[in-house]
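Chemist: Have a look at this one.
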Amino acid sequence: MAMFEAALTDVIAIDAATDTVHFYTAPGSGRKDNHFTAGCNCQTFGEEFIEKFGKVLKAYRQKNPAAAMSKVSLVLPDYLFLTDTIDIPAVGKKAMESSLEVAIGAVYKNKNDLKYHTFPLAQNKQFATFGLVGMRKDLALGLTNICAANQISVQNITFAANAMVNGAMILNPKLKTGTFVLLNIQENNARVAFVNKGRTVGMYDLPFGHAMLYKTRLAAEDLLFDHATGQLLVLNAKEKAKAKQLTMMGEEVLADPDEGRKDIPAEGQEDGEFEAGESKKGGRKLPKFMQRETPTDREGFQYENFRIFMKWTLELIASNPSVTALGEIDGIYVNMPRDYMFLFGMANAEEEENGVKFLPMMAAAGFDSNAAAARDLELFGGLYVKQFNKINNF
(Lines give C-alpha, C1' and ligand atoms only; values in the text may rest on other atoms or scores of the structure.)
Protein backbone atom coordinates (compact mmCIF):
# COMPACT_ATOMS: atom_id res chain seq x y z
CA MET A 1 0.00 0.00 0.00
CA ALA A 2 1.43 3.36 -0.98
CA MET A 3 1.87 5.90 1.79
CA PHE A 4 2.02 9.67 1.72
CA GLU A 5 5.44 10.99 0.93
CA ALA A 6 6.93 12.30 4.15
CA ALA A 7 7.49 16.04 3.90
CA LEU A 8 10.07 15.82 6.69
CA THR A 9 13.10 13.57 6.71
CA ASP A 10 14.13 13.35 10.37
CA VAL A 11 12.53 13.32 13.80
CA ILE A 12 14.18 14.28 17.07
CA ALA A 13 12.01 13.21 19.99
CA ILE A 14 12.62 13.90 23.67
CA ASP A 15 11.26 11.28 26.07
CA ALA A 16 11.29 12.69 29.60
CA ALA A 17 9.97 9.43 31.10
CA THR A 18 13.16 7.58 30.15
CA ASP A 19 15.55 10.57 29.91
CA THR A 20 16.18 9.68 26.28
CA VAL A 21 16.60 11.64 23.05
CA HIS A 22 15.60 9.74 19.90
CA PHE A 23 17.00 10.44 16.42
CA TYR A 24 14.74 8.86 13.81
CA THR A 25 14.96 8.87 10.02
CA ALA A 26 12.23 8.03 7.54
CA PRO A 27 12.18 4.28 6.79
CA GLY A 28 13.59 3.55 3.36
CA SER A 29 15.79 6.64 3.44
CA GLY A 30 18.83 4.54 2.59
CA ARG A 31 20.54 4.95 5.95
CA LYS A 32 21.80 1.72 7.49
CA ASP A 33 20.33 2.53 10.90
CA ASN A 34 17.36 4.86 11.08
CA HIS A 35 16.97 5.02 14.88
CA PHE A 36 19.59 6.23 17.37
CA THR A 37 19.12 7.05 21.04
CA ALA A 38 21.12 9.06 23.57
CA GLY A 39 20.69 9.65 27.28
CA CYS A 40 19.85 13.15 28.53
CA ASN A 41 18.40 14.23 31.87
CA CYS A 42 15.02 15.67 30.84
CA GLN A 43 13.44 16.39 34.21
CA THR A 44 13.34 20.16 33.72
CA PHE A 45 13.10 22.05 30.45
CA GLY A 46 14.98 25.18 31.43
CA GLU A 47 18.35 26.63 30.43
CA GLU A 48 20.25 23.72 31.99
CA PHE A 49 18.37 21.23 29.84
CA ILE A 50 18.89 23.30 26.68
CA GLU A 51 22.64 23.16 27.35
CA LYS A 52 22.61 19.37 27.89
CA PHE A 53 20.44 18.89 24.82
CA GLY A 54 22.94 20.90 22.78
CA LYS A 55 25.74 18.52 23.81
CA VAL A 56 23.65 15.53 22.71
CA LEU A 57 22.98 17.18 19.34
CA LYS A 58 26.67 17.99 18.87
CA ALA A 59 27.68 14.39 19.59
CA TYR A 60 25.10 13.09 17.12
CA ARG A 61 26.28 15.45 14.39
CA GLN A 62 29.88 14.37 14.92
CA LYS A 63 28.90 10.70 14.54
CA ASN A 64 26.62 11.38 11.54
CA PRO A 65 28.28 14.21 9.56
CA ALA A 66 26.63 13.15 6.29
CA ALA A 67 23.08 13.51 7.62
CA ALA A 68 21.49 16.64 6.10
CA MET A 69 19.12 17.33 9.05
CA SER A 70 17.49 20.15 7.06
CA LYS A 71 13.85 19.07 7.47
CA VAL A 72 13.52 18.05 11.09
CA SER A 73 10.39 17.49 13.17
CA LEU A 74 10.85 18.03 16.91
CA VAL A 75 8.54 15.88 19.09
CA LEU A 76 8.27 16.87 22.75
CA PRO A 77 6.61 15.35 25.84
CA ASP A 78 2.87 15.91 26.11
CA TYR A 79 3.05 17.73 29.43
CA LEU A 80 4.91 20.65 27.83
CA PHE A 81 1.73 21.52 25.93
CA LEU A 82 -1.70 22.66 27.03
CA THR A 83 -4.89 21.44 25.42
CA ASP A 84 -8.26 22.85 26.41
CA THR A 85 -11.81 23.53 25.23
CA ILE A 86 -13.39 26.95 25.69
CA ASP A 87 -17.08 27.87 25.32
CA ILE A 88 -18.11 31.39 24.33
CA PRO A 89 -21.45 32.94 23.27
CA ALA A 90 -22.27 32.33 19.60
CA VAL A 91 -22.38 35.81 18.11
CA GLY A 92 -20.72 37.44 15.08
CA LYS A 93 -17.33 36.18 13.90
CA LYS A 94 -15.33 39.23 15.02
CA ALA A 95 -17.14 39.40 18.35
CA MET A 96 -16.42 35.69 18.95
CA GLU A 97 -12.74 36.19 18.13
CA SER A 98 -12.57 38.99 20.68
CA SER A 99 -14.50 36.99 23.29
CA LEU A 100 -12.23 34.02 22.74
CA GLU A 101 -9.09 36.06 23.39
CA VAL A 102 -10.63 37.51 26.55
CA ALA A 103 -11.63 34.02 27.75
CA ILE A 104 -8.13 32.65 27.14
CA GLY A 105 -6.58 35.56 29.03
CA ALA A 106 -8.94 34.99 31.96
CA VAL A 107 -7.91 31.34 32.27
CA TYR A 108 -4.23 31.65 31.36
CA LYS A 109 -2.66 34.64 33.09
CA ASN A 110 0.61 33.97 31.25
CA LYS A 111 -1.13 34.16 27.87
CA ASN A 112 1.53 36.52 26.44
CA ASP A 113 4.24 33.95 27.24
CA LEU A 114 2.51 31.28 25.17
CA LYS A 115 2.41 30.27 21.53
CA TYR A 116 -1.09 28.95 20.96
CA HIS A 117 -3.64 28.07 18.31
CA THR A 118 -7.42 27.95 18.49
CA PHE A 119 -9.82 26.08 16.24
CA PRO A 120 -13.62 25.61 16.12
CA LEU A 121 -14.96 22.31 17.44
CA ALA A 122 -18.73 22.73 17.70
CA GLN A 123 -21.45 25.37 17.67
CA ASN A 124 -25.14 25.70 18.41
CA LYS A 125 -27.47 28.71 18.64
CA GLN A 126 -26.20 29.66 22.10
CA PHE A 127 -22.53 28.67 22.31
CA ALA A 128 -19.45 27.98 20.22
CA THR A 129 -16.79 25.56 21.45
CA PHE A 130 -13.17 26.16 20.46
CA GLY A 131 -10.16 23.95 20.94
CA LEU A 132 -6.95 25.44 22.32
CA VAL A 133 -3.41 24.10 22.10
CA GLY A 134 -0.27 25.91 23.21
CA MET A 135 3.29 25.80 24.51
CA ARG A 136 5.83 28.21 26.05
CA LYS A 137 7.37 30.67 23.61
CA ASP A 138 10.76 30.62 25.32
CA LEU A 139 10.97 26.83 25.15
CA ALA A 140 10.13 26.72 21.45
CA LEU A 141 12.70 29.43 20.72
CA GLY A 142 15.40 27.89 22.92
CA LEU A 143 15.08 24.42 21.35
CA THR A 144 14.97 25.80 17.81
CA ASN A 145 18.05 27.97 18.41
CA ILE A 146 20.15 25.18 19.96
CA CYS A 147 19.26 22.93 17.01
CA ALA A 148 20.27 25.67 14.55
CA ALA A 149 23.58 26.09 16.39
CA ASN A 150 24.25 22.41 15.58
CA GLN A 151 23.28 22.70 11.90
CA ILE A 152 19.84 21.18 12.47
CA SER A 153 16.90 22.98 10.88
CA VAL A 154 13.67 22.44 12.84
CA GLN A 155 10.68 22.76 10.52
CA ASN A 156 8.05 21.83 13.06
CA ILE A 157 7.43 21.23 16.77
CA THR A 158 4.59 19.09 18.12
CA PHE A 159 3.74 16.82 21.07
CA ALA A 160 4.10 13.04 21.28
CA ALA A 161 0.39 12.21 21.36
CA ASN A 162 -0.22 14.27 18.23
CA ALA A 163 2.65 12.61 16.37
CA MET A 164 1.30 9.24 17.53
CA VAL A 165 -2.14 9.99 16.07
CA ASN A 166 -0.56 11.07 12.77
CA GLY A 167 1.29 7.76 12.60
CA ALA A 168 -1.95 5.85 13.18
CA MET A 169 -3.64 7.76 10.36
CA ILE A 170 -0.85 6.91 7.94
CA LEU A 171 -1.01 3.21 8.84
CA ASN A 172 -4.82 3.14 8.88
CA PRO A 173 -6.24 5.89 6.59
CA LYS A 174 -9.84 5.26 7.75
CA LEU A 175 -8.91 7.05 10.98
CA LYS A 176 -7.94 10.35 9.38
CA THR A 177 -11.37 11.97 9.83
CA GLY A 178 -12.62 9.80 12.69
CA THR A 179 -13.64 10.52 16.27
CA PHE A 180 -11.97 7.90 18.42
CA VAL A 181 -9.60 7.11 21.25
CA LEU A 182 -6.14 5.79 20.41
CA LEU A 183 -4.33 3.60 22.95
CA ASN A 184 -0.69 2.98 22.05
CA ILE A 185 0.78 0.25 24.27
CA GLN A 186 4.56 0.03 24.16
CA GLU A 187 6.72 -2.26 26.27
CA ASN A 188 7.00 -0.14 29.41
CA ASN A 189 4.54 2.71 28.89
CA ALA A 190 1.31 3.56 27.13
CA ARG A 191 -0.28 6.72 25.78
CA VAL A 192 -3.97 7.56 25.32
CA ALA A 193 -5.11 10.22 22.83
CA PHE A 194 -8.58 11.63 22.19
CA VAL A 195 -9.28 12.45 18.56
CA ASN A 196 -12.22 14.52 17.29
CA LYS A 197 -12.83 14.50 13.54
CA GLY A 198 -9.19 13.75 12.90
CA ARG A 199 -7.78 16.29 15.39
CA THR A 200 -5.91 15.39 18.57
CA VAL A 201 -7.75 17.16 21.41
CA GLY A 202 -6.47 15.44 24.57
CA MET A 203 -3.93 12.95 25.88
CA TYR A 204 -2.85 10.96 28.93
CA ASP A 205 0.26 8.89 29.69
CA LEU A 206 0.35 5.60 31.61
CA PRO A 207 3.63 4.44 33.23
CA PHE A 208 3.25 0.77 32.27
CA GLY A 209 3.09 -1.18 29.02
CA HIS A 210 2.61 -4.67 27.61
CA ALA A 211 5.49 -6.00 29.75
CA MET A 212 2.90 -6.32 32.55
CA LEU A 213 0.63 -8.62 30.54
CA TYR A 214 1.94 -11.54 32.60
CA LYS A 215 0.99 -15.09 31.62
CA THR A 216 1.05 -16.70 35.06
CA ARG A 217 0.17 -14.01 37.59
CA LEU A 218 -1.97 -10.94 38.08
CA ALA A 219 -0.40 -7.50 38.01
CA ALA A 220 -0.77 -5.41 41.19
CA GLU A 221 -2.28 -2.26 39.70
CA ASP A 222 -1.18 0.07 42.51
CA LEU A 223 2.43 -1.05 42.10
CA LEU A 224 2.41 -0.07 38.42
CA PHE A 225 2.51 3.57 39.51
CA ASP A 226 5.31 5.36 41.34
CA HIS A 227 3.62 6.73 44.45
CA ALA A 228 6.86 7.78 46.17
CA THR A 229 6.35 11.52 45.62
CA GLY A 230 2.74 11.44 46.78
CA GLN A 231 3.59 9.33 49.82
CA LEU A 232 6.37 11.72 50.77
CA LEU A 233 3.99 14.67 50.43
CA VAL A 234 1.46 13.00 52.75
CA LEU A 235 4.18 12.07 55.26
CA ASN A 236 5.53 15.64 55.34
CA ALA A 237 2.01 17.02 55.76
CA LYS A 238 1.39 14.70 58.70
CA GLU A 239 4.69 15.68 60.33
CA LYS A 240 3.91 19.39 59.93
CA ALA A 241 0.43 18.92 61.36
CA LYS A 242 1.81 16.98 64.31
CA ALA A 243 4.48 19.63 64.95
CA LYS A 244 1.85 22.37 64.80
CA GLN A 245 -0.36 20.46 67.23
CA LEU A 246 2.50 20.01 69.68
CA THR A 247 3.32 23.73 69.44
CA MET A 248 -0.28 24.71 70.12
CA MET A 249 -0.64 22.34 73.09
CA GLY A 250 2.61 23.54 74.68
CA GLU A 251 3.55 21.92 78.00
CA GLU A 252 0.22 20.10 78.28
CA VAL A 253 1.24 17.67 75.53
CA LEU A 254 0.90 14.01 76.54
CA ALA A 255 2.89 11.22 74.95
CA ASP A 256 1.00 9.11 72.45
CA PRO A 257 0.57 5.71 74.15
CA ASP A 258 1.05 3.99 70.80
CA GLU A 259 4.20 5.98 69.93
CA GLY A 260 6.90 3.70 68.65
CA ARG A 261 4.69 0.60 68.51
CA LYS A 262 4.55 -1.15 65.14
CA ASP A 263 1.97 -3.49 63.57
CA ILE A 264 -0.44 -3.32 66.49
CA PRO A 265 -3.44 -5.49 65.56
CA ALA A 266 -6.78 -3.72 65.45
CA GLU A 267 -9.49 -4.86 67.81
CA GLY A 268 -10.69 -8.28 66.75
CA GLN A 269 -7.70 -8.72 64.42
CA GLU A 270 -5.18 -11.50 64.94
CA ASP A 271 -1.41 -11.00 64.73
CA GLY A 272 -0.22 -11.37 61.15
CA GLU A 273 -3.59 -10.38 59.63
CA PHE A 274 -3.74 -7.51 57.17
CA GLU A 275 -6.66 -5.19 56.61
CA ALA A 276 -8.10 -4.74 53.13
CA GLY A 277 -5.83 -2.41 51.21
CA GLU A 278 -2.61 -3.80 52.67
CA SER A 279 -0.23 -6.57 51.63
CA LYS A 280 3.11 -7.83 52.89
CA LYS A 281 4.45 -7.49 49.35
CA GLY A 282 3.24 -3.91 49.07
CA GLY A 283 0.41 -4.54 46.63
CA ARG A 284 -3.12 -3.54 47.56
CA LYS A 285 -5.31 -6.47 48.57
CA LEU A 286 -8.97 -5.97 47.69
CA PRO A 287 -11.82 -7.44 49.72
CA LYS A 288 -12.99 -10.77 48.34
CA PHE A 289 -16.32 -9.40 47.06
CA MET A 290 -14.38 -6.99 44.80
CA GLN A 291 -12.14 -9.67 43.29
CA ARG A 292 -12.79 -11.48 40.03
CA GLU A 293 -12.21 -15.20 39.68
CA THR A 294 -8.54 -16.14 39.33
CA PRO A 295 -7.73 -17.21 35.74
CA THR A 296 -6.78 -20.82 35.03
CA ASP A 297 -4.76 -20.37 31.83
CA ARG A 298 -2.21 -18.02 30.27
CA GLU A 299 -4.68 -16.18 28.07
CA GLY A 300 -6.91 -15.64 31.07
CA PHE A 301 -4.10 -14.07 33.09
CA GLN A 302 -3.09 -11.84 30.19
CA TYR A 303 -6.67 -10.68 29.69
CA GLU A 304 -7.14 -9.86 33.38
CA ASN A 305 -3.97 -7.76 33.19
CA PHE A 306 -5.13 -6.14 29.95
CA ARG A 307 -8.31 -5.11 31.75
CA ILE A 308 -6.18 -2.56 33.64
CA PHE A 309 -5.60 -0.77 30.31
CA MET A 310 -9.31 -1.08 29.56
CA LYS A 311 -10.26 0.34 32.95
CA TRP A 312 -8.00 3.38 32.63
CA THR A 313 -9.11 4.14 29.09
CA LEU A 314 -12.80 3.85 29.95
CA GLU A 315 -12.34 6.01 33.05
CA LEU A 316 -10.59 8.67 30.99
CA ILE A 317 -13.54 8.68 28.60
CA ALA A 318 -16.02 8.98 31.47
CA SER A 319 -13.98 11.72 33.19
CA ASN A 320 -13.68 14.02 30.17
CA PRO A 321 -17.23 14.99 29.18
CA SER A 322 -16.05 18.30 27.68
CA VAL A 323 -14.11 16.27 25.10
CA THR A 324 -16.44 13.32 24.58
CA ALA A 325 -19.47 15.61 24.18
CA LEU A 326 -17.95 16.87 20.93
CA GLY A 327 -18.88 13.67 19.11
CA GLU A 328 -19.67 10.00 19.60
CA ILE A 329 -16.55 7.86 19.86
CA ASP A 330 -16.27 5.33 17.00
CA GLY A 331 -14.12 2.98 19.06
CA ILE A 332 -10.93 2.57 21.06
CA TYR A 333 -8.14 1.70 18.63
CA VAL A 334 -5.26 -0.15 20.23
CA ASN A 335 -1.72 -0.47 18.92
CA MET A 336 0.15 -3.38 20.48
CA PRO A 337 2.22 -6.37 19.30
CA ARG A 338 0.52 -9.04 17.22
CA ASP A 339 0.94 -11.63 19.99
CA TYR A 340 -1.86 -9.94 21.92
CA MET A 341 -4.48 -9.79 19.15
CA PHE A 342 -6.56 -12.49 20.89
CA LEU A 343 -7.37 -9.97 23.63
CA PHE A 344 -9.77 -8.00 21.39
CA GLY A 345 -12.31 -10.83 21.25
CA MET A 346 -12.21 -11.21 25.02
CA ALA A 347 -12.52 -7.45 25.58
CA ASN A 348 -15.46 -7.06 23.22
CA ALA A 349 -17.36 -9.84 24.96
CA GLU A 350 -17.92 -7.06 27.52
CA GLU A 351 -18.90 -4.45 24.90
CA GLU A 352 -22.41 -3.99 26.30
CA GLU A 353 -20.98 -3.11 29.71
CA ASN A 354 -18.11 -1.01 28.30
CA GLY A 355 -20.28 0.88 25.83
CA VAL A 356 -17.52 0.96 23.21
CA LYS A 357 -15.47 -1.51 21.17
CA PHE A 358 -11.73 -2.14 21.45
CA LEU A 359 -10.30 -2.46 17.94
CA PRO A 360 -6.85 -3.22 16.52
CA MET A 361 -5.32 -0.05 15.11
CA MET A 362 -4.07 -1.61 11.89
CA ALA A 363 -6.44 -4.49 11.17
CA ALA A 364 -8.36 -2.66 8.44
CA ALA A 365 -5.16 -1.61 6.69
CA GLY A 366 -3.78 -5.14 6.72
CA PHE A 367 -0.45 -4.24 8.32
CA ASP A 368 1.55 -6.44 10.66
CA SER A 369 1.28 -4.86 14.12
CA ASN A 370 4.92 -5.76 14.77
CA ALA A 371 6.05 -3.53 11.90
CA ALA A 372 8.76 -1.03 12.80
CA ALA A 373 6.47 1.90 12.02
CA ALA A 374 3.85 0.70 14.52
CA ARG A 375 6.47 -0.07 17.13
CA ASP A 376 7.86 3.49 16.87
CA LEU A 377 4.48 5.11 16.30
CA GLU A 378 5.26 8.54 17.82
CA LEU A 379 8.54 8.76 15.92
CA PHE A 380 7.08 7.53 12.64
CA GLY A 381 4.12 9.91 12.97
CA GLY A 382 6.47 12.83 13.59
CA LEU A 383 7.43 12.67 9.92
CA TYR A 384 3.85 13.37 8.84
CA VAL A 385 2.91 16.37 10.98
CA LYS A 386 2.24 18.45 7.87
CA GLN A 387 -0.29 15.96 6.50
CA PHE A 388 -2.60 15.74 9.53
CA ASN A 389 -3.37 17.68 12.69
CA LYS A 390 -1.72 20.86 11.40
CA ILE A 391 -3.41 22.90 14.12
CA ASN A 392 -1.20 21.16 16.70
CA ASN A 393 2.05 22.23 15.02
CA PHE A 394 4.37 25.02 16.18
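The values are calculated or read from the model by the stated rules, or taken from the named source; none is laboratory data. Because the structure is a prediction, the values reported are computed rather than measured. Quick note on the areas: whole protein, heavy atoms, side chains included, nothing else; ligands and nucleic acids left out. Shrake-Rupley method; radii C 1.70, N 1.55, O 1.52, S 1.80 Å.
Chemist: Go through 109/390; 94/125; 174/357 and tell me which ones have a Cα-Cα distance over 18 Å in this structure.
Modeler: With Cα atoms farther than 18 Å apart: 109/390.
Chemist: Here are some pairs, 111/137; 71/386; 111/386; which of them have Cα atoms lying more than 22 Å apart in this structure?
Modeler: Working: 111/137 10 Å; 71/386 12 Å; 111/386 26 Å.
The answer is 111/386.
Chemist: Could you give each residue of region 35-44 its phi-based ³J(HN,Hα) in whole Hz, using Karplus coefficients 6.51, -1.76, 1.60 with θ = phi - 60°, and x for Gly or Pro?
Modeler: Per-residue couplings from phi come out as 9, 10, 10, 8, x, 6, 5, 10, 5, 10 Hz.
Chemist: Starting from the amide H of residue 122, placed 1.01 Å from N in the peptide plane, find each other amide H under 5 Å away whose residue is 5 or more places distant or on another chain.
Modeler: Sorted by chain and number, the residues that satisfy this are 129.
Chemist: Using the Cα gyration tensor of region 6-164, with a ≥ b ≥ c the square roots of its eigenvalues, what is the shape: rounded (a/c below 1.5), prolate (a/b larger than b/c) or oblate (neither)?
Modeler: Note, shape of region 6-164 comes out prolate.
Chemist: Can you list residues from other chains, or at least 5 along the same chain, whose modelled amide H is less than 5 Å from the amide H of residue 190?
Modeler: 206, 208
Chemist: How many angstrom separate the Cα center of region 25-99 from the Cα center of region 101-132?
Modeler: So the separation of the two Cα centres works out to 23 Å.
Chemist: Hey, another quick one. Hey, what do the phi angles of region 106-119 turn into as Karplus ³J(HN,Hα) couplings, whole Hz, using 6.51/-1.76/1.60 and θ = phi - 60°, x for Gly and Pro?
Modeler: 5, 8, 10, 5, 9, 3, 6, 8, 10, 9, 8, 10, 10, 8
Chemist: Might you tell me the accessible area per residue for region 1-124, computed with a 1.4 Å probe and given in Å²? Write out the running numbers ahead of the final one.
Modeler: Values: 7000 Å² over 124 residues.
Per residue, region 1-124 has an accessible area of 56 Å².
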